[in-house]
Amino acid sequence: MTNINQATSVSTKEEPIRIGVAKTPEEKREVYRLRYSIYAEEIGYDLADADHNIKLLYDELDEWAILLTAHIGSTLIGTVRVNIGRISEFSSDLVQTYRMAKFRKFYNEEDDPFFTVISRGMVTSQYRSSATIYLFTVKMYELSCAYQVQFAFLNCTFHLIPFYEHTGQVRIDKNTIDPNDNSSLASLVMLIDDVEHLRTVGSPLFRIARKRTSLNSKATDWFYSEFFREIKTTVNSRLVSEEELWTIMYQYFGNRPNNNISLLKGLSVSEAKLFLHSCGSLVHCHVGDYIAACGSTSQELIILLSGRARSSLYGILLPGQYCGENGLEYPTTRSSSVIALVDLDILVLSFYNFGNFRKRHSVIACKILCNLQK
């Protein structure tokens, strides 16, 4: 079995990034403090379960988790939590969120398999463009392989879906609300042995996954058969081309998207296509799902594409309208909740993706920001 306590390092221009595991109470406390610093103080999450007096963020999963850390010198710059356990070790809420009982059906009745749940992943702002995320992703993958895990789960806010789809995660069409900060979350799973999918999406894990010799193709085949309907309702941001996404958007409105979405007014077709493909992802929501929750932090701009939703502030929302606050340019606190009244689809434009887009295509970005101010 892989030595999970062995540190991994990659050099930066200053000092190497070292990946390790927090084991002592002091090391864990440093992790909890970093979580609070990023989630509460930087992003502005209203954390119900945090200890605000001593500024620490932790919960019961930390009691048996592998707490990965990233250091440069003595400075903690990132952390992620990995829980690898049997289904009986996870709370009923997590079992339901990730539909673990359904995944359990892949195994024989006498088996007691391990599952991986990944959470609380973060990196300090000055190192978010470094190799830290890549090193964490590799370490989490290696841990799952060491325990012969087939299915590794995580959830994320809607604006981070493209990032996790790039690493190799697949959406399972199950949205939830984070009870800690009221964020709307998408549920995803990585098929550890689906090396072909990692190659197709350009995952950074493919370089190490392709060297593995003992792969269980049955798990992959079972998943795509068992979850066929769920996968059909999602559009993987890594597998859809610019032209395909435009065609899908056209079908929602029966017209060019830049004729129906005010954000795109004044953009040429080629500019609108580029922007949507660079910054957007399509998300399916079920009736009753929270598209946005009052008090949570918006790090995206959400546009309704189909169906109807209800805003606690503006009433009924129809296709083409915004759902909640604009977090495209910078994060902002939501002042209203938006709930799906029927099964519907939304376009999520990511704050992080837009930041990168703005650097490369400043003229188009300027037009978009001007439209938002009208």
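Does residue 201 meet the test of being crowded, with 18+ Cβ neighbours inside 10 Å and either touching a helix residue (DSSP H, G or I) at 6+ places or on another chain (Cβ under 8 Å) or among the polar types (S, T, N, Q) (or both)?
For residue 201, the condition - crowded, with 18+ Cβ neighbours inside 10 Å and either touching a helix residue (DSSP H, G or I) at 6+ places or on another chain (Cβ under 8 Å) or among the polar types (S, T, N, Q) (or both) - is met.
Under 8 Å between Cβ atoms, at least 6 apart or on separate chains: pull out the pairs that start in the range 24-45 with a residue that is in contact (Cβ under 8 Å) with a residue 24 or more places away in the chain and within 21 Å of residue 177 (Cα to Cα) and end on any residue that is of a type in the set (Val, Ile, Thr) and not in a helix (DSSP H, G or I).
If the second residue must be of a type in the set (Val, Ile, Thr) and not in a helix (DSSP H, G or I), the pairs left are 35/79; 38/124; 43/297; 44/297; 44/333; 45/297.
Is the range 68-81 home to any residue that is at pLDDT 95 or above, surrounded by 18 or more Cβ atoms within 10 Å (Cβ to Cβ) and within 22 Å of residue 194 (Cα to Cα)?
No, the conditions are met nowhere in the range 68-81.
Search the range 1-36 for residues being farther than 22 Å from residue 144 by Cα and of a type in the set (Lys, Arg), and hand back the single one that is modelled with the lowest pLDDT.
Checking each candidate, the answer is 13.
Within the range 319-365, track down each residue that is touching a residue at least 60 places away in the same chain (Cβ under 8 Å), assigned to a loop (DSSP other than H, G, I, E, B) and under 20 Å from residue 234 (Cβ atoms).
319
Just to confirm my filter: which helices (runs of 4 or more DSSP H) fall fully inside the range 53-155 and include at least 2 residues that are without any contact (Cβ under 8 Å) to a residue 60 or more places away in the chain? Show your work before the answer.
Working: elements: 92-97, 100-104, 132-146.
Qualifying helices (runs of 4 or more DSSP H): 92-97, 100-104.
Taking residue 45 as the residue in question, decide whether it is surrounded by 15 or more Cβ atoms within 10 Å (Cβ to Cβ), modelled with pLDDT under 95 and within 16 Å of residue 123 (Cα to Cα). Even if it seems obvious, please write down each step before you answer.
On the way: surrounded by 15 or more Cβ atoms within 10 Å (Cβ to Cβ): yes; modelled with pLDDT under 95: yes; within 16 Å of residue 123 (Cα to Cα): yes.
Yes.
Only one of 150, 126 is over 26 Å from residue 184 (Cβ atoms), buried (at least 18 other Cβ atoms within 10 Å of the Cβ), polar (S, T, N, Q) and more than 13 Å from the chain's Cα centre (by Cα); which?
Working: 126 fails: buried (at least 18 other Cβ atoms within 10 Å of the Cβ).
Exactly one of 150, 126 is over 26 Å from residue 184 (Cβ atoms), buried (at least 18 other Cβ atoms within 10 Å of the Cβ), polar (S, T, N, Q) and more than 13 Å from the chain's Cα centre (by Cα), namely 150.
So residue 207 ticks every box in (1) under 25 Å from residue 277 (Cα atoms); (2) surrounded by fewer than 22 Cβ atoms within 10 Å (Cβ to Cβ); (3) out of contact with any Phe, Trp or Tyr (no Cβ under 8 Å at 6 or more places or on another chain) but one. Which box is left unticked?
Every listed condition holds for residue 207 apart from (1).
From 306, 278, 270, 362, which residue is modelled with pLDDT of 95 or more, in contact with a strand residue (DSSP E or B) (Cβ under 8 Å, 6 or more places away or on another chain) and of a type in the set (S, T, N, Q)?
Going through 306, 278, 270, 362 in turn, just one is modelled with pLDDT of 95 or more, in contact with a strand residue (DSSP E or B) (Cβ under 8 Å, 6 or more places away or on another chain) and of a type in the set (S, T, N, Q): 306.
Check the range 266-276 and report whether any residue there is in contact with a Gly (Cβ under 7 Å, 6 or more places away or on another chain), assigned by TED's automatic domain parsing to the domain that holds residue 340 and either under 28 Å from residue 43 (Cβ atoms) or not in a helix (DSSP H, G or I) (or both). Show your work before the answer.
Step one: filter the range 266-276 for residues in contact with a Gly (Cβ under 7 Å, 6 or more places away or on another chain), giving none.
No: zero hits.
How about the range 351-374: which of its residues are among the β-branched types (Val, Ile, Thr) and surrounded by 13 or more Cβ atoms within 10 Å (Cβ to Cβ)? Lay out the reasoning, then the answer.
First, pick out the residues of the range 351-374 that are among the β-branched types (Val, Ile, Thr): 363-364, 368.
Across the range 351-374, the qualifying residues are 364, 368.
Quick one: which residue in 102, 55 is at pLDDT below 95 and not hydroxyl-bearing (Ser, Thr, Tyr)? Spell out how you get there, then give the answer.
Numbers: 102 fails: at pLDDT below 95.
Result: 55 is the single residue among 102, 55 that is at pLDDT below 95 and not hydroxyl-bearing (Ser, Thr, Tyr).
Among the candidates 355, 327, 320, which residue alone is within 22 Å of residue 45 (Cα to Cα) and touching a helix residue (DSSP H, G or I) at 6+ places or on another chain (Cβ under 6 Å)?
Of 355, 327, 320, the one residue that is within 22 Å of residue 45 (Cα to Cα) and touching a helix residue (DSSP H, G or I) at 6+ places or on another chain (Cβ under 6 Å) is 327.
Among the candidates 182, 175, which residue alone is buried (at least 17 other Cβ atoms within 10 Å of the Cβ), in a strand (DSSP E or B), out of contact with any helix residue (DSSP H, G or I) (no Cβ under 8 Å at 6 or more places or on another chain) and of a type outside the set (Ser, Thr, Tyr)?
Details: 182 fails: in a strand (DSSP E or B).
None of the others qualify; the one that does is 175.
When you go through (1) in contact (Cβ under 8 Å) with a residue 40 or more places away in the chain; (2) crowded, with 21+ Cβ neighbours inside 10 Å one by one for residue 164, which number turns out not to apply?
Evaluating residue 164 over (1) in contact (Cβ under 8 Å) with a residue 40 or more places away in the chain; (2) crowded, with 21+ Cβ neighbours inside 10 Å leaves (1) as the failure.
Within the range 292-302, is there a residue that is out of contact with any strand residue (DSSP E or B) (no Cβ under 8 Å at 6 or more places or on another chain), surrounded by 15 or more Cβ atoms within 10 Å (Cβ to Cβ) and in the same structural domain as residue 165 (by TED's automatic domain parsing)?
Initially, the range 292-302 is screened for residues out of contact with any strand residue (DSSP E or B) (no Cβ under 8 Å at 6 or more places or on another chain), giving 294.
Now restrict to residues that are surrounded by 15 or more Cβ atoms within 10 Å (Cβ to Cβ): 294.
Okay, now just the ones that are also in the same structural domain as residue 165 (by TED's automatic domain parsing), so none.
Looking for residues that are out of contact with any strand residue (DSSP E or B) (no Cβ under 8 Å at 6 or more places or on another chain), surrounded by 15 or more Cβ atoms within 10 Å (Cβ to Cβ) and in the same structural domain as residue 165 (by TED's automatic domain parsing), one finds none in the range 292-302, hence no.
The values are calculated or read from the model by the stated rules, or taken from the named source; none is laboratory data. These numbers come from a predicted model, not from an experiment. We place every Cβ from the backbone using ideal geometry, glycine too, and count neighbours over all the protein chains shown.
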